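Engineer: What follows is a structure written as structure tokens; I'll ask about it next.
The values are calculated or read from the model by the stated rules, or taken from the named source; none is laboratory data. Everything numeric here is computed off the predicted structure, so don't read it as measured data. Don't worry about glycine lacking a Cβ; one is built from the backbone with ideal geometry, like all the others, and counts go over all protein chains shown.
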Amino acid sequence: MKRSLHLITSGEQSLPEILRVVEAAVRGGVDYVHIREKTRTARELLEWIEEISQVMPADRLIVNDRLDVAACVPCGGAHLAWHSLPPQMARQLLPANRLLGQSVHSLKEALKAEQHGVSYVLYGHIYATRSKPGLAPRGTGELQTIAARLTIPLIGIGGIKPEHVPDVMAAGCAGVAVMSGITASDDPETAARAYREALDRFSH
């Protein structure tokens, strides 16, 4: 996951809209797509995976929360939210070669996730974001502390714009995750490319 760019679906767009976004974003340099659709049924998610895997490799598709779906279809793996099964249980359900990620909000949570076998962690929200109204952003301070203690990749998320990428990467992240910065753009390919170029330009 070195210098990886993750696109998270918005939960507000239809499958045809997301297909258009994903196809464009992949051309722009997105590495992974996380299907984060809390209101979709398992059957709907199966359709999403089947359709999206026509425009990008299935092994770069991550299913948010729904381990049952992630375990049953060709995909890259699953991502755990705070309300999901604990990672040590989730790991038993997923094929061994699948990624297992987890959202964390502190050093303690990150270390625990690593101890229980996750492949990577998402930490945020780093900057102010529309999806977390009223919650103060966490900034890059603790990000640096967490990155120094982990041996698994740490991905930054939350209000990240292309101009923020150098600071996020300098804190020790392996990549960034973006939702509205790409999904809400009129030109998802150009938006994704701005993040991709910022990642590729970064040097320690």
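Engineer: Which numbered condition trips up PRO153, out of (1) over 18 Å from the mean Cα position of the chain (by Cα); (2) touching a residue at least 40 places away in the same chain (Cβ under 8 Å)?
Structural biologist: PRO153 satisfies every listed condition except (1).
Engineer: Then there is this: Going by the structure shown, is VAL73 out of contact with any strand residue (DSSP E or B) (no Cβ under 9 Å at 6 or more places or on another chain) and within 23 Å of SER14 (Cβ to Cβ)?
Structural biologist: Judged against the criteria, VAL73 is not a match.
Engineer: Give the residues of region 133-157 that are at pLDDT below 80 and closer than 16 Å to LYS108 by Cα, sorted by residue number.
Structural biologist: Once the filter is applied, which keeps residues that are at pLDDT below 80 and closer than 16 Å to LYS108 by Cα, region 133-157 yields only ARG138.
For (1) touching a strand residue (DSSP E or B) at 6+ places or on another chain (Cβ under 6 Å); (2) under 21 Å from ILE62 (Cβ atoms), each residue gets a yes or a no:
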site: ALA113; (1), (2): yes, yes
site: ALA128; (1), (2): no, no
site: GLY172; (1), (2): no, no
site: GLY181; (1), (2): no, yes
site: ALA191; (1), (2): no, yes
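Engineer: Continuing with the same structure: Can you tell me which residue in region 1-35 is nearest to the chain's Cα centre (by Cα), limited to those that are of a type in the set (S, T, N, Q) and either surrounded by fewer than 16 Cβ atoms within 10 Å (Cβ to Cβ) or assigned to a helix (DSSP H, G or I) (or both)?
Structural biologist: So, considering only residues that are of a type in the set (S, T, N, Q) and either surrounded by fewer than 16 Cβ atoms within 10 Å (Cβ to Cβ) or assigned to a helix (DSSP H, G or I) (or both), the one nearest to the chain's Cα centre (by Cα) is GLN13.
Engineer: Next up: Going through region 60-73 one residue at a time, which ones are within 22 Å of GLY29 (Cα to Cα) and either surrounded by fewer than 22 Cβ atoms within 10 Å (Cβ to Cβ) or hydroxyl-bearing (Ser, Thr, Tyr) (or both)?
Structural biologist: If the condition is that a residue be within 22 Å of GLY29 (Cα to Cα) and either surrounded by fewer than 22 Cβ atoms within 10 Å (Cβ to Cβ) or hydroxyl-bearing (Ser, Thr, Tyr) (or both), then ARG60 is the only one that fits.
Engineer: Could you tell me which residue of region 74-84 is surrounded by the fewest Cβ atoms within 10 Å (Cβ to Cβ), considering only residues that are in a loop (DSSP other than H, G, I, E, B) and of a type outside the set (A, V, I, L, M, F, W, C)?
Structural biologist: HIS83
Engineer: Go through region 85-102 and report how many residues are in contact with a helix residue (DSSP H, G or I) (Cβ under 8 Å, 6 or more places away or on another chain) and either assigned to a helix (DSSP H, G or I) or farther than 20 Å from ASP59 by Cα (or both).
Structural biologist: Residues flagged as in contact with a helix residue (DSSP H, G or I) (Cβ under 8 Å, 6 or more places away or on another chain) and either assigned to a helix (DSSP H, G or I) or farther than 20 Å from ASP59 by Cα (or both) within region 85-102 amount to 4.
Engineer: While we're looking at this one, here's another question. Of the residues SER119, SER84, which is in contact (Cβ under 8 Å) with a residue 40 or more places away in the chain and among the hydroxyl-bearing types (Ser, Thr, Tyr)?
Structural biologist: Being in contact (Cβ under 8 Å) with a residue 40 or more places away in the chain and among the hydroxyl-bearing types (Ser, Thr, Tyr) holds for just one of SER119, SER84, which is SER119.
Engineer: Looking at region 122-133, is at least one residue closer than 23 Å to ASP200 by Cβ, touching an Asp or Glu at 6+ places or on another chain (Cβ under 8 Å) and of a type in the set (Val, Ile, Thr)?
Structural biologist: No; the residues of region 122-133 include none that is closer than 23 Å to ASP200 by Cβ, touching an Asp or Glu at 6+ places or on another chain (Cβ under 8 Å) and of a type in the set (Val, Ile, Thr).
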